[in-house]
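K.L.:
Once you've had a glance at the structure underneath, I'll fire off some questions.
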């Protein structure tokens, strides 16, 4: 059962802490919530301009102490939905005493300004069938009870950071695999172009004089050096994490041999 306006008025002293109740904010089945400030590190800002898709947390003027037979549920306001703000908050369990903190996101393509005093959401109060055996204030892991200053993720921070690290590592692995694929594609393209060039040079000079034979040899060796250099650059700058010392030595030996043979042909 959801409390109606006269129920909220009758029980306001049980629900709201001193000084934060305003009867004009009582609706037919809810109570309007107002921004006290926008959470900005260790202080509250009086106003903030949200850019598209940006998310902020706001502290409400209202501080509640949920009676043991009620639960509070945050709801959006129609006016804010039409403006393009997505406002969400937790359920407030019996025994929960705290300032209300809400998550606000701009889901439009325009900027939206929010400021102190704005009606940003509403809270509904639901009557429970009975009083729970353990209310929120009696729970050892009640991280957000009596939250005067914004606590972020509180005791859940380490757990969430570990999960975020796993996601970050997975993204890094994916990036490495993508780079490796690109490197292989570039390598195959380079080899294809180089082999095609070698075939073209050889066929265009097939059956010609010794001088042309020397020219073909120089061209072949030069293209071979270019291919090795190309593969080496890919290996060092893209696939460097998968390169072993043996591969680097092998690559160096091939380059030295090709350069030495080219110099030998040029000196003939």
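The values are calculated or read from the model by the stated rules, or taken from the named source; none is laboratory data. These numbers were taken from a predicted model, which means no experiment stands behind them. All Cβ positions, even for glycine, are placed from backbone atoms using ideal geometry, and neighbour counts span all protein chains on display.
K.L.:
Taking into account only those residues within the range 88-110 that are surrounded by 16 or more Cβ atoms within 10 Å (Cβ to Cβ) and outside any strand (DSSP E or B), which is nearest to the chain's Cα centre (by Cα)?
P.N.:
So, considering only residues that are surrounded by 16 or more Cβ atoms within 10 Å (Cβ to Cβ) and outside any strand (DSSP E or B), the one nearest to the chain's Cα centre (by Cα) is 89.
K.L.:
For the range 19-29, does any single residue satisfy the condition of being over 24 Å from residue 136 (Cα atoms), crowded, with 16+ Cβ neighbours inside 10 Å and either touching a strand residue (DSSP E or B) at 6+ places or on another chain (Cβ under 7 Å) or at pLDDT below 95 (or both)?
P.N.:
yes
K.L.:
When you look at residue 40, is it closer than 14 Å to residue 102 by Cα, without any contact (Cβ under 8 Å) to a residue 60 or more places away in the chain and in the same structural domain as residue 88 (by TED's automatic domain parsing), yes or no?
P.N.:
In short, yes.
K.L.:
Mind listing just one residue for me: the one in the range 225-250 that is more than 19 Å from residue 185 (Cβ to Cβ) and modelled with pLDDT of 70 or more and, of those, surrounded by the most Cβ atoms within 10 Å (Cβ to Cβ)?
P.N.:
Restricting to residues being more than 19 Å from residue 185 (Cβ to Cβ) and modelled with pLDDT of 70 or more, the top hit is 225.
K.L.:
Sticking with this structure for a sec: Checking the structure you have, find out if any residue of the range 33-45 is at pLDDT below 95, assigned to a loop (DSSP other than H, G, I, E, B) and surrounded by fewer than 19 Cβ atoms within 10 Å (Cβ to Cβ).
P.N.:
Checked against the condition, which is being at pLDDT below 95, assigned to a loop (DSSP other than H, G, I, E, B) and surrounded by fewer than 19 Cβ atoms within 10 Å (Cβ to Cβ), the range 33-45 yields at least one hit.
K.L.:
Give the number of residues within the range 68-126 that are within 19 Å of residue 37 (Cα to Cα) and free of Cβ contacts under 8 Å to residues at least 24 places away in the same chain.
P.N.:
So the answer is 2.
K.L.:
Separate question: Check 257, 253 and return the single one that is assigned by TED's automatic domain parsing to the domain that holds residue 176, more than 37 Å from the chain's Cα centre (by Cα), modelled with pLDDT of 75 or more and under 21 Å from residue 215 (Cα atoms).
P.N.:
The match here is 257.
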